[in-house]
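These notes are about the structure you will find just below.
The values are calculated or read from the model by the stated rules, or taken from the named source; none is laboratory data. These figures come from a predicted structure and were not determined experimentally. Every residue, glycine among them, receives a Cβ derived from its backbone with ideal geometry; neighbour counts consider all protein chains shown.
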Amino acid sequence: MRGQLKRVVGSCLLILGLVATLCGGCGGEKEGTNTLVIGHISDMTGPASPALVPINYVVEDLARYYNEQNLIPGVTIKVVAYDARYDPSRDVPGWEWVRAKGAKVALTALPTTAETLKVFAERDSMPLWAMIESTYLTHPPGWVFCMNAPTNYLVKTLLHWISEEDWDYQARGREPKIGSAGWQEPYAIACKEAVQEYAEAHPDKFDYVAGLLAPLGTVSWSGEVETLKDCDYLLTPGTGTGIPTFMKEYRNRGCTGKFFSTESVAAYRGLVVDSVGYEAVDGMLESHPTRWWTESFPMVDLAKELLETYHPDEYEAFIHAGIGYIGGFQQCYAFYEILQEALETVGFEQFDGEAFYNTATGYSATWEGYEEWNLTDTKRYTWNYTGIYRWSAADSEIIRAVPEWLPLVEE
């Protein structure tokens, strides 16, 4: 990792402004250096905040790490954060706010925000680093760079693996019934389409039941449960309170189908476990390209080290919460590497959105424990492989189902 996985010094607790737009900038400005401003548009108080607050910490912690280690000599990174609250009406004001604060590049983990702001990123020639992917964001390729694999590829890769490794067609004598449920938002829509497309393209592998989308914020799922009650595999809602409320209603109805998802549910591990327990999700399968807390690799080890150093009082809570910090760290580190390379190439005075854009479109990395990530002139998502994970009640943990990385299945 370009020799940057060094031990972080200092144990001072970083206090983040995580409410509304109160964080005017963090990262530890150093006297005598140039300040580069990064805009961060997130959900700090809304329905996605249980998963995104840890990612908010990551953005700040990596800025602090880069500043303390002087990884970009002569430059101090400053983060200005805006609370979009998962409210689409706040996306454009958030964009204009971070630009007014001097941001040259921006990040977001909110799917609605990234899609809304794609045209504004183009208009302003200001790159937007999105921690979610959708067809709209990547086609045609533009100024949004997605630090994730396409949701439909993640789902289809998992379905292919299920058909090959998890379902015994000979013993069961039939194809498994499959369906999905979620809120009416980009992530769930992409999941629904992926399940339906794969099942209908492979009728010898799956018997498609339905893909249901409820209004954003829905927590009562009686109709959806009734329709999907006989599914053998069921892709669950993937955001906030939609996840445990659906799971609880589904299990209380006596339904036994096996849940599956991308990394979305793992981002809410604490919320799910505290609400329904591991027994309700035992055997749940997930497809996600970020490594989990229990896997020892340099990127994971550094993330745990920064979390323990900067936030010792919240260390255990963040691990229990889910993949937010550890996954967000792996996503954001690539952003900071591109930022560093762009600054080294053109210098601070010449750095602008175009410099980041040009560096990003030529970016590739093969880190310890991973297959290659890359971006190109036409490819706007980084990961080319994914891992398969399983929720285990016996272990009270999420464990790796297979050790190898699987190439993404596109059809």
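Structure values in brief
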{"item": "Hits in segment 385-411 (condition: under 23 Å from TYR333 (Cβ atoms), in a loop (DSSP other than H, G, I, E, B) and in contact with a helix residue (DSSP H, G or I) (Cβ under 9 Å, 6 or more places away or on another chain))", "result": "LEU408"}
{"item": "Test: residue in segment 287-298 that is closer than 22 Å to SER261 by Cβ, part of a helix (DSSP H, G or I) and in contact with a helix residue (DSSP H, G or I) (Cβ under 7 Å, 6 or more places away or on another chain)", "result": "no"}
{"item": "LYS177 being in contact with a Cys (Cβ under 9 Å, 6 or more places away or on another chain) and within 25 Å of VAL402 (Cβ to Cβ)", "result": "yes"}
{"item": "Segment 275-321 - residue that is under 25 Å from CYS255 (Cβ atoms) and touching a Pro at 6+ places or on another chain (Cβ under 8 Å) and, of those, surrounded by the fewest Cβ atoms within 10 Å (Cβ to Cβ)", "result": "SER275"}
{"item": "Tally, over segment 339-351, of residues that are in contact (Cβ under 8 Å) with a residue 40 or more places away in the chain, of a type outside the set (D, E, K, R) and either assigned to a helix (DSSP H, G or I) or under 18 Å from ALA303 (Cβ atoms) (or both)", "result": "3"}
{"item": "Segment 214-263, subset part of a loop (DSSP other than H, G, I, E, B) and β-branched (Val, Ile, Thr), residue surrounded by the fewest Cβ atoms within 10 Å (Cβ to Cβ)", "result": "THR256"}
{"item": "Inter-residue pairs, beta-carbon under 6 Å, first assigned by TED's automatic domain parsing to the domain that holds ASP301 and on the phi < 0 side of the Ramachandran plot and in segment 352-379, second of a type in the set (A, V, I, L, M) and in a strand (DSSP E or B), 6+ apart", "result": "PHE356/VAL105; TRP373/ALA365"}
{"item": "Residue check for TYR357: part of a helix (DSSP H, G or I), of a type in the set (Phe, Trp, Tyr) and farther than 22 Å from TYR389 by Cα", "result": "yes"}
{"item": "Number of the condition not met by TYR385 [criteria: (1) closer than 30 Å to LYS258 by Cα; (2) over 18 Å from the mean Cα position of the chain (by Cα)]", "result": "(2)"}
{"item": "Helices (runs of 4 or more DSSP H) lying entirely in segment 100-206 (those with 1 or more residues that are free of Cβ contacts under 8 Å to residues at least 24 places away in the same chain and among the charged types (D, E, K, R))", "result": "111-124, 169-172, 186-201"}
